[in-house]
Structure formats: C-alpha cells, structure tokens
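Enquirer: Quick one: the structure is below, and I'll ask about it shortly.
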Amino acid sequence: MLWKERKYAWFLLAFLWCFGFAGSLSRFVISYYQGEITASLGVGRNFLGTTWSTATFIGALCAPLGGLLVDRYGVKKVMLLVSSFQILSITAVITMRNELGYFIGNGLFAGFVGLGASTSYVLITGWFKHHRAKALAVLGSSTSLGFAVMVPILANWQGLNWIKVYEILLLVSLIFIPCIVFILREHTDREIVADEKDAMNEAPTHDSAAKPLLKWLNTVRIFTNMLRHPVYLIVAFGIFTCGISMGTVEMNLVAIHQTAHVSTGMISSAMSLLGLLEVFGGITFSILLDHTSRTKALAILYLLRTAAFTFLILHFPVSPILFSLLFGATYVGAVPGAILVARESLADGDKNMGLHTGILLLVHQLGGVLAALAGGFNFDLAHNYQLLIGFNLLLSLSVSTLYFKVQSRHKRSEAAAESLAQ
C-alpha cells in the first residue's frame, strides 16, 4: 500500500499518463501544422474546423454508448475497440493524403474514438479510493504537459512534417494494444458488482430473448432516475458550461487576444502560462476535491472562472495574464470534480459508473461544439468575441451560485441530523 492506495493503482496512473502524454501529439499537429496541412490538401481553414467539429460531435454521441459498453463488457474490450478506431483514423490520413482521407480519418474515425471517453475515469475511480480527484487531475494533466513540452522540441526539429508526426502517433497506437492486453487490469470489486448486477437482472426469467429488452428498459430506468435528481441536473449544467468555456479557450482564445490587439509576445506568454497552470492548478483543485466538500470546491472553481472571463471581457493590458492564471488554475478540475459529485449523489453511482460518466462527457462535448459554432457566429456578426465572453461569464456565475446553494443545503441537512441525534 502506498499512501493508502494499492501499488498497481499508481502504476496504472503512470501507464495511462505516459500514453496521454504521447497522445498530445494529435493536439500538437493540428495546432502547429494547420498552414502546412491546408497547403498539402488544397483546402481552407474552415475545412479543418468542420472536420474538428464533426469528430467532436460524433465523439459526444459515442460517449454514453461507450459508457454502456464499459458497464456491460469491461474497460479492456472497449479500449481495444477504441485503439482500433484510432489506428484506422491515422491510417486513413497517412495513406490517402487528400481531403477525403483527412475527413474520414480525423472527422469520422476520430469521432468513434469517443467511445473510450469514460474508460480512464472508470479505471481510476475503480482503483483509487482515497486520492481519486488527485489521480484524475494528474491524468488530465498529461495532454497539457505533453503539449507544453513537445511544442518547443518538435517545432525546432529539422525535417519534421505533419505526416511524420502522424506516423509517430500510429506507432504509439500500435504499441498501446499489446499493453492493454498484457498490462491493464480492471478492479476486482467492479467485476464483483457487475456480476451481482447481471445475476439480479437475469434471475427473474430464463427467457434469453427477453434479456435485451430488460437491459434496454433498465438503461431507460437509470437515465430517468438521473434526470429526476436535482444535484445531477446541476452537475450536468455545470459540465455543459465547462464544455462551452473550454471550447471557447481552445478554439478562440488566441483570436480573442488578437482582436483586442494584444502583442504577440504577450499572447505567447499568456498561452505558456495557461499550459503550466493547467497542470499545477489541476493538482491544487484535486487536493481541495479530496479533502473538502466537492460541491464547495466546484463553486469556488466556477467563481474563479467568472472572475477570469470578467478580466477577459474588459481587455486591459494585463488581462491575458490574469485570465491565464485564473482559468488555467481551474482547467483540469471541473470535469473530474463533476464526475465524482455525480457518482456520489446517485444511489447506483458505482454500478453504472460508465453510463453516468459517458452522459456527462456527452454534455461536455456538446458544450464545446456550441462554443466553436458560437465563436464564428459572434465574430461574423460583430467582428469581436464580446458576446461569447459575456455568455461564458454569466454561465460560470450561475453554476457557481447553484453549487453554493447545494453546499448550504448539505450544511443544513447535516445540522438537522446532528440535532436529531442529540
């Protein structure tokens, strides 16, 4: 046992982190080689944006389906399926090397990779008991830190181009498959719970033809119960807001600074600071999530985002730095925090972790798609991003208020329980 957790839990975290770090190559290639890709394929930047939106939307739809597959067939099988789609995606881009191949690879097949959106969350929450939020934050930092480290290295690598980067990604994906088979282990407690659930579902009938219908009805029942739970609805609204915020930052932040006539040096400094704070801020918030009330931590997180978007909408000289400090500190903590609150607020949170996580990630991705579309609409309409920034500000403030109300309700419930006990 290491810090009250099994050694394999830490090994699993390191294993997933390394592949997440290597997987940041996909973020690097689309950010750094946009000009080279459009020139090679003979397309415009809008084609890349359309391809990205298509993959994000398909991935959003696949997230809850992937969660169901995880609950039913286990993490390993789903991860193998997702790795196969990843390989097909990269292979299509490399072999066809034209507009159609790029759209099929990075638009369609990359979208089906969204089936695995919940796998890492299910694995980590299954193995970790005392440091779940910290483990999820560390895992979430892998892509951010990988991007921050790889940009200066690969940008100065002579002879490197976007096709070679995709070839490296293909090699990483091929290595990942045998690692899944021989290294990855699911938590035994999860398997026991799944076996018990299957036994309960199958006990009342011996008619094999009725089993698919019963499973479908059970899924509908679970989804209905989730919609009836007020805390879950607040969590879903919060994670939708988070998706809009992250989509705004990833797709439009540089353009927002450029529209405000921020210098290139200031933009570079702000973006570097944002990447660093994604790592350190995420770990800091994960400690709060593990050692204080999670609803209170999330309320503070969205309050900080409200302040960040306030600085951004005002556009004074140091607002890019202040925004990166505040938003970067909250970047990683929102998604794992929401998943943990949802898991603990629902009675069947452990038994249907994959489905719950998948639905929340679907909502999060849809927020990102909305932000990407809204950013272009806002700029075409007003030649700035003020409406989009203001929308983010109001949403973050609303979510913060709702989480503070949930926290105060919990305090009143605890006080009432203590008075009854006395």
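The values are calculated or read from the model by the stated rules, or taken from the named source; none is laboratory data. Quantities reported herein were computed from a predicted structural model and do not represent experimental measurements. For neighbour counting, all protein chains shown are included, and Cβ atoms are generated from backbone atoms with ideal geometry for every residue, glycine included. Note: areas computed on protein heavy atoms with side chains; ligands, DNA, RNA excluded. Shrake-Rupley method; radii C 1.70, N 1.55, O 1.52, S 1.80 Å.
Enquirer: Take the conditions touching a Lys or Arg at 6+ places or on another chain (Cβ under 9 Å), modelled with pLDDT under 85, surrounded by fewer than 22 Cβ atoms within 10 Å (Cβ to Cβ) and not charged (D, E, K, R) and apply them to Gly349. Does it pass?
Expert: Taking the combined requirement at face value, the residue satisfies it.
Enquirer: Still on this structure, I have one more. I'd like to know if the stretch 253-260 contains one or more residues that are buried (at least 18 other Cβ atoms within 10 Å of the Cβ), closer than 19 Å to Leu303 by Cβ and of a type outside the set (A, V, I, L, M).
Expert: The answer is no, given that none of the residues of the stretch 253-260 is buried (at least 18 other Cβ atoms within 10 Å of the Cβ), closer than 19 Å to Leu303 by Cβ and of a type outside the set (A, V, I, L, M).
Enquirer: Moving on. Just wondering, is there one or more residues in the stretch 77-100 that are among the acidic types (Asp, Glu), part of a helix (DSSP H, G or I) and touching a residue at least 60 places away in the same chain (Cβ under 8 Å)?
Expert: Scanning the stretch 77-100, I find no residue that is among the acidic types (Asp, Glu), part of a helix (DSSP H, G or I) and touching a residue at least 60 places away in the same chain (Cβ under 8 Å), so the answer is no.
Enquirer: Residues to consider are Arg72, Arg27; find the one that is assigned to a helix (DSSP H, G or I), more than 21 Å from the chain's Cα centre (by Cα) and under 26 Å from Leu362 (Cβ atoms).
Expert: Going through Arg72, Arg27 in turn, just one is assigned to a helix (DSSP H, G or I), more than 21 Å from the chain's Cα centre (by Cα) and under 26 Å from Leu362 (Cβ atoms): Arg72.
Enquirer: What's the total number of residues in the stretch 153-169 that are open to solvent by 40 Å² or more (accessible area, probe 1.4 Å) and closer than 15 Å to Arg97 by Cβ?
Expert: The qualifying residues number 3.
Enquirer: May I pose another question? Could you list, in sequence order, all residues of the stretch 81-136 that are surrounded by 21 or more Cβ atoms within 10 Å (Cβ to Cβ), within 21 Å of Val172 (Cβ to Cβ) and hydrophobic (A, V, I, L, M, F, W, C)?
Expert: Those that are surrounded by 21 or more Cβ atoms within 10 Å (Cβ to Cβ), within 21 Å of Val172 (Cβ to Cβ) and hydrophobic (A, V, I, L, M, F, W, C): Val82, Ile90, Ala92, Val93, Phe109, Ala110, Phe112, Val113, Leu115, Ala117, Leu123, Ile124.
Enquirer: Further question: With the structure loaded, tell me whether Leu61 is open to solvent by 70 Å² or more (accessible area, probe 1.4 Å) and part of a helix (DSSP H, G or I) or whether it fails that test.
Expert: Yes; evaluated as a whole, the condition is true for this residue.
Enquirer: Residue by residue through the stretch 123-169, note down the ones that are out of contact with any Phe, Trp or Tyr (no Cβ under 9 Å at 6 or more places or on another chain), over 15 Å from Phe15 (Cβ atoms) and in contact (Cβ under 8 Å) with a residue 12 or more places away in the chain.
Expert: Correct list: Thr125, Lys129, Arg132, Ala148, Ile163, Tyr166, Glu167, Ile168, Leu169.
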